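The values are calculated or read from the model by the stated rules, or taken from the named source; none is laboratory data. The structure presented is a predicted model; accordingly, all values stated were derived computationally and were not measured. All Cβ positions, glycine included, derive from the backbone under ideal geometry; neighbour counts span all protein chains shown.
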4 protein chains.
Amino acid sequence: MDKVKVAILGATGFTGEKLVEILLKHSKAQAVYLASRILESAPYAQIFTHFSGKTNLNCEPLDIEKAAQISDILFLSLPHTVSMEFAPYLLKKGKKVIDLSADYRLKDTVVYEKYYKVSHKDKVNLKKAVYGMPEIYKKEVKKARLIANPGCYPTSIILALYPLLKQGFIEGKIIADSKSAITGAGRNAITKYPYTDISDNLWVYKAFKHQHVPEVESILKSASNKAVKLLFVPQVIEAKAGIYSTIYVSFKNKVTEEKIRNTYEKYYKNCPFVRLKEDFPKLKETAGTNFCDIGFALTEDGKAAVIASSIDNLIKGAAGCAVQNMNIMCGFEETLGLL
Amino acid sequence: MDKVKVAILGATGFTGEKLVEILLKHSKAQAVYLASRILESAPYAQIFTHFSGKTNLNCEPLDIEKAAQISDILFLSLPHTVSMEFAPYLLKKGKKVIDLSADYRLKDTVVYEKYYKVSHKDKVNLKKAVYGMPEIYKKEVKKARLIANPGCYPTSIILALYPLLKQGFIEGKIIADSKSAITGAGRNAITKYPYTDISDNLWVYKAFKHQHVPEVESILKSASNKAVKLLFVPQVIEAKAGIYSTIYVSFKNKVTEEKIRNTYEKYYKNCPFVRLKEDFPKLKETAGTNFCDIGFALTEDGKAAVIASSIDNLIKGAAGCAVQNMNIMCGFEETLGLL
Amino acid sequence: MDKVKVAILGATGFTGEKLVEILLKHSKAQAVYLASRILESAPYAQIFTHFSGKTNLNCEPLDIEKAAQISDILFLSLPHTVSMEFAPYLLKKGKKVIDLSADYRLKDTVVYEKYYKVSHKDKVNLKKAVYGMPEIYKKEVKKARLIANPGCYPTSIILALYPLLKQGFIEGKIIADSKSAITGAGRNAITKYPYTDISDNLWVYKAFKHQHVPEVESILKSASNKAVKLLFVPQVIEAKAGIYSTIYVSFKNKVTEEKIRNTYEKYYKNCPFVRLKEDFPKLKETAGTNFCDIGFALTEDGKAAVIASSIDNLIKGAAGCAVQNMNIMCGFEETLGLL
Amino acid sequence: MDKVKVAILGATGFTGEKLVEILLKHSKAQAVYLASRILESAPYAQIFTHFSGKTNLNCEPLDIEKAAQISDILFLSLPHTVSMEFAPYLLKKGKKVIDLSADYRLKDTVVYEKYYKVSHKDKVNLKKAVYGMPEIYKKEVKKARLIANPGCYPTSIILALYPLLKQGFIEGKIIADSKSAITGAGRNAITKYPYTDISDNLWVYKAFKHQHVPEVESILKSASNKAVKLLFVPQVIEAKAGIYSTIYVSFKNKVTEEKIRNTYEKYYKNCPFVRLKEDFPKLKETAGTNFCDIGFALTEDGKAAVIASSIDNLIKGAAGCAVQNMNIMCGFEETLGLL
């Protein structure tokens, strides 16, 4: 069988690099086009020398027509507000698009414009875009032509909360205390921090104001059929890879550990990348993987809980999930190239 | 002026080692006796070779009579349940005692016995013990003969909350999401974890069940004149030193940033080791110091906040605070040997 | 095509764990038997919870007869002196054996006994064992029934030196200053070091006395047809994975950079896992890979050089190389499952 | 007694920051002037917020006249080629100057110009400058008006070799394989490396070509009364602080461990910051200290050795040594403020 031909537009960011890494090992997909908006043409293994011996592909200046011509599926690993410049053309050409930016995640363009400071330029496709969280929207993903790949923090928070909200257990505001490796900020952003500012450090930033809040709230609202208030406090930690969210919820009625456990198991029984832990997850166990590990503990009175979820921010939180979506869209085994 | 003569009983734990390090540089105190309950007599610089060139003291098998004879102030850096075996004798001999274990922190012996699994053996002195948090109890510390030096997590949490509770701003339960370096577990405990289990890792443990909960709740209750409910979720992080607590509170009435800032400033204006930050604290800025850095942000509606506090768990959270207490007890400058 | 059935004896050490990880992703091999000499039977994903969702295999108490019965190739990831107790039986049963211990690496049993403190118990098979360094002995590996998989330090040193010795360029003693991640010491050994002894640390150990010296010297002697004297100084560093050797050599005659570069290229032109770098290798670029990266610089007079080589100690230095050997023995693509 | 008034010119580099940190704790020196060539005037504790609560000093745009007016001793923590613009004026004004750049380290201006690419502008003072390595030149330091504070790598290498060269034991070329924390590159340089390039990494740079080679060779030559050839291969490691040099030497005649040990002890018996170790030094034991730890091992034939030395690159390798020089120049206890 011929392999699916894939392009990665924005191949030199952290996420793009991870996409290339995963796709080079994929048995049913073939990377045929790597592009950057800023660099001159050069062997990819020269830009990232650790790819030497793994690929002879060049990374080329982004030529959207060429990209459309030679590939079947295109991953847009571009900055927010840039993806929506390219997606319409690709969709018109009948291509499948998996967008890793925020451009197609928020159905409400007013909210988008508030957080990303530009008007949305592609409202037509925005309506059709599917939020690519396979654990929740697998059916929609299967038929989608445009995937809005979830943000890293939202992945860790939504997967921890969705079943409990869907079941109507939770009431009141939800607190998410999320710790992320610095790579979540992107390759350009982290050059602002010299090594000595990150090593042995940890700090809160953008408390209550992070752009991922509306993304999470809109998905959680669809689960619970009413507005959900999220207090989100992101933090930078030194760990090499990952996001670890500790999430605090209150319950309408007293619950038992068994009830919560059963709920998770029911919702995620066909989800190969969600692992419900006996105890709390460990960040290191999801590093380098596409898994989301979840654990929880109830307060003695059964009226509140802490839920912890752990992912690799660049894999399950970005590139891995994008490939998982590709697998589903192409009718491949969901786990292909990801275990 | 003659220097105050100090003994460190339990000089080979992480806290004991840090005490020795601080006291060797102290201009008005002289370490005269280092003791361990388990090791044979040996030069301290042989047990911890990095002390070579700094001290010729031996570390001796603990002889409580000798300890009392040659020292004025004794630091008990002993395991919980062991301190209360030695403190009564020392107090009877008229010595000042600074106990870094939990033995004299909880006035309620029922609670003590619940968490530490033994009956309290020294209820007489327990009543007289002063909780050694100088930012709150400086007057009492000044006159104390027995100090119960606060726990590391409690220090980070209480300092962040005390002024706001004292002012009556906070209502409802409080969540403390605290991240600690592994050294908080003590030297013996961390040998259970090989290096590879700690590096690049982070995990929740003892959620809602940690033994520091009643310590925090009892002090906070004294601030607010009513019971305070703490949901405490400790976590291990890889950082070399420190505790970073992010604390979530709700307010009775809408507050402003200015009001909260003024409250902290008023309470801590004479506290040289509390720094109120413009932004959020950074873990690294308190590492190796006796400072507690505090920062906060309000939700848009002014009805809730996240407060972050950062300390070095072995210094402000243990040995440094103990020396701060010694300074106050001896009438020295509070910051002596600690800046 | 049926997959080759493989067993991993000693599946719970660092190397055994890495073998399982690699083999679970291998498209032409199937792990059918995991065994430990010390643990009770238990799901492998329970012993190492990060394998949850990846395998349902049990790890069983080592039963050598069962192992032989159900597998075609057996990896012995056992301590030195233990492998040679099991290998003879497996060979007699016609199985292929890849031994990751030192038991079959040293042809000279006097030297073996000097370093490993026991008499060699299987001199018959020792003679037939092939030193499994595919870059040098690919032909022999192809036909081998018993592979002595190279040590981690030797891999990094031999690959850097072999072509230059074979060409007769080098004279005089050779210095290898090698830095290794602590995992090289094995899972049991590293529990002797608490986290705080390893973090931010670096130290020399076993200078000139490491057991890998005779292994390196014997292979280098076969390259140069005369005795080679190695001064080997291993060091522990904090890095998560890898060995980085800086090697100092003198040349008989003045050489040029081009001459050295050409020599490496000629020798390694068919070696998919050796990468000759333009500049010096970086430890991180080989972490998590089966590559050995090599770089060098000459002194101004062209009479001496520093050569640096970088590998992942558990992959190219152990498990990855073992699978590379398996690939060759089975007639698979050499890189299968390793890129 | 009045405190000595000190100025730090270049207070915002890594070395300048460390100088401020040490001098703020010094009991006989008072920092009165902090200056930067590039920043606007601002509270030092605002530029480096971790100094909050420790100093109210401003950091001002460098005004050399003001600096001279209000201080007795000036530390020039300026880039190479900049120090020599300011030193002449200060010396003319009768001030004592401790220069931490390379400007006054190399007596041979031809060599200086080769490595630093500019003509030397102050040959008059260059002749009078004393190389500030107190372990070797304490007498000269005591009387000096201009100190050329040693480089970090040279400190680690020279202290390891000086006694053995002075005794005439060593012959042939010397190899120094030195690993340094990234901070050695300076605050500006390390911003070129994002965090992800440094973490878990290690690499060789400037092999045989580093600008510290002539500095080491010239001091070693003065010890041995003949030219010494150094092959120097610096490497970046992830450790937070420190340089660890492993140095390879050959001996003219067979030596014993006792002989080498006695030689070190004799030379360093009055040197409070050199510690001869029983075994090899550990990088972590010198981190945060002004010590240089030294250990060694001989080859079996007693004809060669590896010597390892460990320092904190910013302390003993820069700011700490500078303060040690100040102590000597002012007649203070050599260790004041440094233990």
Filter the range D:1-39 down to the residues that are polar (S, T, N, Q) and part of a loop (DSSP other than H, G, I, E, B), then identify the one that is farthest from the chain's Cα centre (by Cα).
D:SER27
Identity of the residue in the range B:179-192, closer than 22 Å to B:VAL274 by Cα and more than 10 Å from chain A (Cβ to nearest Cβ), that ends up modelled with the highest pLDDT:
B:SER180
Restricting to the range D:300-339, name every residue that is under 20 Å from D:LYS25 (Cα atoms) and of a type in the set (A, V, I, L, M).
D:LEU314, D:ILE315, D:ALA318, D:ALA319, D:ALA322, D:VAL323, D:MET326, D:ILE328, D:MET329, D:LEU336, D:LEU338, D:LEU339
Given the residues D:ILE294, D:ILE307, which is the only one that is within 14 Å of chain B (Cβ to nearest Cβ), hydrophobic (A, V, I, L, M, F, W, C), under 30 Å from C:SER310 (Cβ atoms) and buried (at least 18 other Cβ atoms within 10 Å of the Cβ)?
D:ILE294
Any chance C:LYS259 is more than 30 Å from D:THR299 (Cβ to Cβ), surrounded by fewer than 21 Cβ atoms within 10 Å (Cβ to Cβ) and within 14 Å of chain A (Cβ to nearest Cβ)
no
Please indicate, with yes or no, whether at least one residue in the range C:206-229 is of a type in the set (Ser, Thr, Tyr) and within 14 Å of another protein chain (Cβ to nearest Cβ).
no
Hits in the range B:124-142 (condition: surrounded by 14 or more Cβ atoms within 10 Å (Cβ to Cβ), not in a loop (DSSP other than H, G, I, E, B) and not aliphatic (A, V, I, L, M))
B:ASN125, B:TYR131, B:PRO134, B:GLU135, B:TYR137, B:LYS138, B:GLU140, B:LYS142
Only one residue in B:ALA322, B:ALA297 is within 26 Å of D:GLN46 (Cβ to Cβ), touching a strand residue (DSSP E or B) at 6+ places or on another chain (Cβ under 7 Å) and not β-branched (Val, Ile, Thr). Which one?
B:ALA297
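Yes/no per residue for (1) β-branched (Val, Ile, Thr); (2) more than 19 Å from the chain's Cα centre (by Cα):
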site	(1), (2)
D:THR289	yes, no
D:LEU298	no, yes
D:ASP301	no, yes
D:VAL306	yes, yes
D:ILE328	yes, no
Being facing chain C (nearest Cβ under 8 Å), among the basic types (Lys, Arg) and within 16 Å of A:ILE198 (Cα to Cα): is that true of D:LYS240 here?
yes
Does A:ILE315 fit the bill of being away from every other protein chain (no Cβ under 11 Å) and crowded, with 19+ Cβ neighbours inside 10 Å?
yes
Only listed residue being aliphatic (A, V, I, L, M) and touching a strand residue (DSSP E or B) at 6+ places or on another chain (Cβ under 9 Å), chosen from A:ALA305, A:ALA227
A:ALA305
Among the listed residues B:LYS121, B:LYS114, identify the single one that is assigned to a helix (DSSP H, G or I) and either in the same structural domain as B:LEU62 (by TED's automatic domain parsing) or aromatic (Phe, Trp, Tyr) (or both).
B:LYS114
Go through the range D:193-209 and count every residue that is of a type outside the set (A, V, I, L, M) and at pLDDT below 95.
7
Go through the residues of the range D:328-337 one by one and say whether even a single one is among the polar types (S, T, N, Q), facing another protein chain (nearest Cβ under 10 Å), in contact with a helix residue (DSSP H, G or I) (Cβ under 8 Å, 6 or more places away or on another chain) and surrounded by fewer than 21 Cβ atoms within 10 Å (Cβ to Cβ).
yes
Are any residues in the range C:268-291 more than 10 Å from every other protein chain (Cβ to nearest Cβ) and among the basic types (Lys, Arg), and if so, which ones?
C:LYS269
Subset of the range B:225-256, residues among the charged types (D, E, K, R) and within 20 Å of A:LYS303 (Cα to Cα), comes to B:LYS229
Tell me, yes or no, whether the range C:76-92 has at least one residue that is among the hydroxyl-bearing types (Ser, Thr, Tyr) and within 14 Å of chain A (Cβ to nearest Cβ).
no
I'm trying to understand the selection: among the residues of the range A:196-240, which are free of Cβ contacts under 8 Å to residues at least 60 places away in the same chain, surrounded by fewer than 22 Cβ atoms within 10 Å (Cβ to Cβ) and in a helix (DSSP H, G or I)?
A:THR196, A:ASP197, A:GLU217, A:LYS221, A:SER222, A:SER224
With over 24 Å from C:PHE14 (Cα atoms), under 14 Å from the mean Cα position of the chain (by Cα), of a type in the set (Val, Ile, Thr) and more than 14 Å from chain D (Cβ to nearest Cβ) as the only criterion, which of C:ILE147, C:ILE136 stands out?
C:ILE136
Among the candidates A:LYS166, A:LYS142, A:LYS173, which residue alone is within 12 Å of another protein chain (Cβ to nearest Cβ) and not polar (S, T, N, Q)?
A:LYS173
